[in-house]
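Worksheet: the structure to be examined is printed underneath.
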Amino acid sequence: MKPTSSSPPPSPRTPDASGGQAPAPHTSPQPQPQPHGSPVRRLRARGRDEKHRVASSLELFFDLCFVVAVAQGGVELVHAVAEGHTGTGVIDYARVFFAIWWAWMNFTWFASAYDNDDVIYRVVTLVQIAGVLVLAAGVSRAFEDDFTVVWLGYLIIRLAMAAHWLRAAKATNGAERTVALRYAGGILLCQVGWLGLMFTPSGARNWVFLAMAILEMCVPVFAEKHRQTSWHPHHISERYGLFTIIVLGETIAAATVAVKSGVQENDALGELLPIAAGGVLIVFSAWWIYFAAPIHERLRTRGQAFLWGYGHYFVFASAAAIGAGLEVAVEQAVGEAHISTTAASAAVTIPSALFLLMVWALHARYFKVGTAQQLTLPVGALLVLACTFAGDWAVFGAGLVAGLTVATGVMLSARGARQAGAEHA
């Protein structure tokens, strides 16, 4: 979208990834400047070609507060798996994480297009952060099938998000205003559905939740059916990357606390060292693999953006679950978890393998040349899964495989670069 003082002219169309038509990148002039230091400014779209666009301090604060909720989800997942309730624990974790991820993602894309950093924008965003803290406070009850507090926190976040879109609609016109109103209307209608979930019998709640999650994810598809918002590709890729870093940092912190407690309370340093070393290798490798390619170069069309943005549910959820899995492995090693060694190992290897596969599927594969490079991550993921059955050394083995996967990728990329250089010489 591109704000102007009159109705915007028709924009050219370019094919999207699915073969349909998507709006071409906006290159029209920037909004008319507002008085410097004005506390309230019109909420107009920013340009996709804006130079040096980076995450703001408010966005970083927003991410840190969201990770509070992510951490609570991880804690409850650890308790559920350690007590032998793996199936229900994973389902509860998936539901809670959807609420966290979807609320985070909606604001992230909106802010990339409309962040004007005025007083109203800041206050409404802080209201969303308050909603996140309410949501985080209800995570433990959600794992007991009581979603009241999580629903209340989510409602606060989403009502504030609707207010952002209504404000954008007020400041725009034409097709751009239609997009904003569709977003606001869709968000508000979905909240009615989520309220109905509170009165749904527990036996049908998972299916109703799934239906509502699908409806939520259809709102952006419907809202941007004919016009794409002016999100900034480099800014979006940076925002996702920063959130990945914060989640991986939370994973390291949670695993460190678990190992420290195990050593202090059970004097089990020998049993915990392989888990600690393997966990560090897994997280370091996850960081390396995620940031190996500049994905913003591919975020150009609506189809690419939706696939990449939605697919990150699995990237974020698996990254956070790695930390929970490491905690479970520690508890099992010191005799505090009521599960087998294989089950504890699977709590680490499954999310680790899922992370590798999803990063490959979403963007790494677009930058790989040749069969060997293309197969490195998928084969690495399968080998990480195979480590599940390595007994007490499963986590260390998975970390070693992850590290070797990175080393193999670096070696193949370097060889490819040398061959390309020789061909051009």
Those residues of region 280-308 which are closer than 24 Å to LEU404 by Cα and either open to solvent by less than 40 Å² (accessible area, probe 1.4 Å) or in contact with a Cys (Cβ under 7 Å, 6 or more places away or on another chain) (or both), in sequence order: ILE282, VAL283, SER285, ALA286, ILE289, TYR290, ALA293, ILE295
Residues of region 344-367 satisfying the condition of being open to solvent by 70 Å² or more (accessible area, probe 1.4 Å) and touching a Ser or Thr at 6+ places or on another chain (Cβ under 8 Å): ILE350
Subset tally (residues that are modelled with pLDDT of 60 or more, open to solvent by less than 30 Å² (accessible area, probe 1.4 Å) and in contact with a helix residue (DSSP H, G or I) (Cβ under 6 Å, 6 or more places away or on another chain)) for region 21-54: 3
Region 368-390 residues that are farther than 12 Å from ALA353 by Cα and open to solvent by 70 Å² or more (accessible area, probe 1.4 Å), paired with ones that are of a type outside the set (Phe, Trp, Tyr) and in a helix (DSSP H, G or I) (beta carbon under 6 Å, 6 or more apart): VAL369/GLY416
Residue within region 260-279 that is surrounded by 23 or more Cβ atoms within 10 Å (Cβ to Cβ), free of Cβ contacts under 8 Å to residues at least 60 places away in the same chain and in contact with a helix residue (DSSP H, G or I) (Cβ under 9 Å, 6 or more places away or on another chain) present: yes
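Quickly run through region 316-337 and pick out the residues that are among the polar types (S, T, N, Q) and under 18 Å from ASP267 (Cα atoms). Even if it seems obvious, please write down each step before you answer.
As a first pass, look at region 316-337 and keep what is among the polar types (S, T, N, Q): 318, 332.
Across region 316-337, the qualifying residue is only GLN332.
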Output for region 256-274, where each listed residue is part of a helix (DSSP H, G or I) and of a type in the set (D, E, K, R): LYS260, GLU265, GLU271
Any pair with Cβ under 9 angstrom, 6 or more apart, that starts in region 148-166 at a residue that is at negative phi and in contact (Cβ under 8 Å) with a residue 40 or more places away in the chain and ends at one that is part of a helix (DSSP H, G or I) and hydroxyl-bearing (Ser, Thr, Tyr): MET161/TYR183; HIS164/TYR114; HIS164/TYR121; HIS164/THR125; HIS164/TYR183; TRP165/TYR114; TRP165/TYR183
Residue tally, condition in a helix (DSSP H, G or I) and either touching a strand residue (DSSP E or B) at 6+ places or on another chain (Cβ under 9 Å) or over 17 Å from GLY397 (Cβ atoms) (or both), over region 275-293: 4
Test result for ALA329, open to solvent by less than 40 Å² (accessible area, probe 1.4 Å) and of a type in the set (Gly, Ala, Ser): yes
Inter-residue pairs, beta-carbon under 8 Å, first in contact (Cβ under 8 Å) with a residue 60 or more places away in the chain and more than 27 Å from LEU197 (Cα to Cα) and in region 99-117, second of a type in the set (Phe, Trp, Tyr) and surrounded by 21 or more Cβ atoms within 10 Å (Cβ to Cβ), 6+ apart: SER112/TRP231; ALA113/TRP231
Count - residues of region 121-154 that are closer than 23 Å to VAL75 by Cα, open to solvent by 30 Å² or more (accessible area, probe 1.4 Å) and assigned to a helix (DSSP H, G or I): 10
Residue within region 219-227 that is at pLDDT 90 or above, open to solvent by 30 Å² or more (accessible area, probe 1.4 Å) and touching a Gly at 6+ places or on another chain (Cβ under 7 Å) present: yes
Count - residues of region 244-302 that are under 30 Å from GLN374 (Cβ atoms) and among the polar types (S, T, N, Q): 4
Any chance GLY303 is in contact with an Asp or Glu (Cβ under 8 Å, 6 or more places away or on another chain), over 21 Å from VAL410 (Cα atoms), modelled with pLDDT under 95 and assigned to a helix (DSSP H, G or I): yes
Residue within region 71-94 that is over 18 Å from ILE157 (Cβ atoms), among the hydroxyl-bearing types (Ser, Thr, Tyr) and over 18 Å from the mean Cα position of the chain (by Cα) present: yes
Hits in region 190-210 (condition: exposed (fewer than 12 other Cβ atoms within 10 Å of the Cβ) and free of Cβ contacts under 8 Å to residues at least 40 places away in the same chain): VAL192, GLY196, PHE199, PRO201, GLY203, ALA204, TRP207
Scan of region 235-246 for residues that are in contact with a Lys or Arg (Cβ under 9 Å, 6 or more places away or on another chain) and either open to solvent by less than 10 Å² (accessible area, probe 1.4 Å) or modelled with pLDDT under 90 (or both), ordered by number: HIS235
Hits in region 391-410 (condition: surrounded by fewer than 16 Cβ atoms within 10 Å (Cβ to Cβ) and either touching a strand residue (DSSP E or B) at 6+ places or on another chain (Cβ under 9 Å) or of a type in the set (Gly, Ala, Ser) (or both)): GLY391, ALA407
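The values are calculated or read from the model by the stated rules, or taken from the named source; none is laboratory data. Computed from a predicted structure; not experimentally measured. Here Cβ is always computed from backbone atoms with ideal geometry, including for glycine, and neighbour counts include all displayed protein chains. Please note that ligands, DNA and RNA were not included when accessible areas were found on the heavy atoms of the full protein model with its side chains. Shrake-Rupley method; radii C 1.70, N 1.55, O 1.52, S 1.80 Å.
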